[in-house]
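Before any comments, here is the structure.
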Amino acid sequence: MRSTPSLTASRRKFLRYLALGPAVASSFLVEGSLRRAGVSLQGSDPGLESIKSADQVLDVMEFEPLARKALPAAHFAYLATGVDDDATVRLNHEAYQHIEIRSRRLINVEKLDTSVELFGTKWETPIFLCPVSSMKCFDPDGEVAVARAAAKKRHLQMLSTVAGSSIAEVTAARGAPVWQQLYPTNDWAVTRAIIKRAEAAGSPVLVFTVDHHDKANNETQARGRRVDDRDCSLCHSGGFSGYLRNKPAFDGIDISKVTMLYDPSFTWDYVKRLKDATTMKLVVKGIVTREDAEIAVEQGANGIVVSNHGGRAEETLRSTIECLPEVVAGAKGKVPVLIDGGVRRGTDIFKALAFGATAVGFGRPQAWGLAAFGQSGVEAVLAILRQELEKIMRQAGTPSIRAITRTFVVP
Ligand SMILES: Cc1cc2nc3c(=O)[nH]c(=O)nc-3n(C[C@H](O)[C@H](O)[C@H](O)COP(=O)(O)O)c2cc1C
């Protein structure tokens, strides 16, 4: 029996073909593919020249070439990169385009309820902002600008351990607590200090990222650096410890023993260790199999994020939407299952909800919006996704998030 009932074997083969072949020349393509197509990292798309403000942007993907134009090559490549051939990055998005929606008619959708509840907090929509590191390289206000946008549009925000602003600053800008993402490091004293700082900032949830070992093969990022002739030593110097010293989460903490953000010797015991060390809820981010979902729940995780780090960690060729059904099956309704990766349309969000996700997040588009137009760009990305979700909910005949069930998609 197949463990991923969402897509047939032939479809998976087709998706791989699409991801690896030249047929996918869309604006979404990341640099690895752009390079193969002979397009420069700093190129711009004709037709987008007329866009002068965020409210003129039609869809989320349009922000990508605008960001490419706004950013230095190395920074855009850092954002765009996957691993190896960037195929998993593309598949995360492509896979949504092979799931159909079964619309129902003559259902009263005059009033829509897009709200969801997560750990006792009600959110107006299931759309959340994923943790994205080093956002000051996209805009000087970085995570603080994202927090202001999240506050204005009332969305859940997760903050990276290696963010460019402290959790205290971001919480103040958000006007409410954010969820703290955790790269645990190989020094427990440092990990504990980060946890205590998040608790002090009122963070209700710790998001433990388990899918990213240090030193992934991010070739697109390396190529971007190669063509960027600026003097990067002004911001990047001192190797790994210099990198950490620039990250406010580590301010005032002795990081002399930290040599990595994720220790490859970690096992599932670490989940219990974290649970015992904090009063926050613990969500495990980076789960892609039924087996790991079951173990995460057994070990006391309060939630799961189906994620492959936006295709930045390993080249599996498995999109997250393909992984979602088996993870939902493994969680057995005991904990909420969130998802991210390749989400660019309201219909993508609808499909993920139909396959059992409680909330749906996105990473790169917030940085595209930020790089192109600062805070208003992030607001526009959030507004577009929300409007598109509302449109498809009306069209498909689902007046509430709860009404979006498996029967509304054709696997
Ligand atoms: C530039 C960049 C930095 C990221 N930094 C982190 C991070 O610090 N912690 C983390 O858990 N995930 C990180 N991610 C992964 C995102 O949280 C998220 O899983 C992913 O971006 C979703 O895929 P999408 O970009 O296709 O929407 C990062 C992703 C990008 C693109």
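FYI, it's all coordinate maths here, none of it is from the lab. Bear in mind the structure is a predicted one, so any value in this text is a computation, not a measurement. When we count neighbours, we look across all protein chains shown, and the Cβ atoms used for this are built from the backbone with ideal geometry, even at glycine.
Here are the numbers for this structure:
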| item | result |
| --- | --- |
| Mean separation of Cα contacts under 8 Å, 6 or more apart, over the residue count of the chain: relative contact order % | 26 percent |
| Mean Cα-pair separation over length for the stretch 175-248, i.e. relative contact order, pairs under 8 Å, 6 or more apart, % | 29 percent |
| Between the stretch 208-280 and the stretch 379-400, the alpha-carbon center distance in angstrom | 36 Å |
| Aspartates and glutamates with Cα under 15 Å of LYS332, excluding same-chain neighbours fewer than 8 positions away | GLU291, ASP292, GLU294, GLU298 |
| Estimated 222 nm signal from helices in the chain, with DSSP H stretches of n ≥ 4 weighted -39500 (n - 2.57), rounded to 500 | -11500 deg cm²/dmol |
| Cross-link reach list, aspartates and glutamates versus LYS391, counting only Cα pairs under 15 Å and skipping chain neighbours closer than eight places | ASP59, GLU110, ASP113, ASP348 |
| Ranked SER160, SER400, SER237, SER166, criterion: other C-beta atoms within 10 Å, fewest first | SER237, SER400, SER166, SER160 |
| Selection of chymotrypsin sites (Phe, Trp or Tyr not before Pro), the stretch 95-150, meeting DSSP coil and at most 14 other Cβ within 10 Å | PHE119 |
| Largest-first principal axis extents of the Cα set of the chain (Å) | 62, 51, 42 |
| Value of D in µm² per second that Stokes-Einstein yields for the stretch 239-371, Kirkwood Rh from Cα pairs, at 37 °C (0.692 mPa s) | 199 µm²/s |
| Those lysines that a straight Cα-Cα span of less than 30 Å connects to LYS215, excepting residues fewer than 8 apart in one chain | LYS13, LYS69, LYS136, LYS196, LYS247, LYS257, LYS272, LYS275, LYS281, LYS285 |
| Scaled radius of gyration (Cα, divided by 2.2 N^0.38 Å) that the stretch 209-262 gives | 1.34 |
| Mean shadow area of the stretch 164-305, taken as a quarter of the surface of its Cα convex hull (nm²) | 10.0 nm² |
| The chain: most fluctuating residue of SER133, SER307, SER115 per GNM, C-alpha cutoff 10 Å | SER115 |
| Among 170-180, 316-326, 389-399, 342-352, the order from most to least packed when residues are scored by Cβ within 10 Å on average | 342-352, 316-326, 170-180, 389-399 |
| Sparse-neighbour loop sites [trypsin sites (Lys or Arg not before Pro); the stretch 201-275; at most 12 other C-beta within 10 Å; DSSP] | LYS215, ARG230, LYS257 |
| Net charge of Cβ neighbours under 12 Å - reference SER103; Lys, Arg +1; Asp, Glu -1 | +4 |
| Under the span-like rule (Cα at least 20 Å along the axis, Kyte-Doolittle mean at least -1.0), DSSP H helices of the chain | 375-396 |
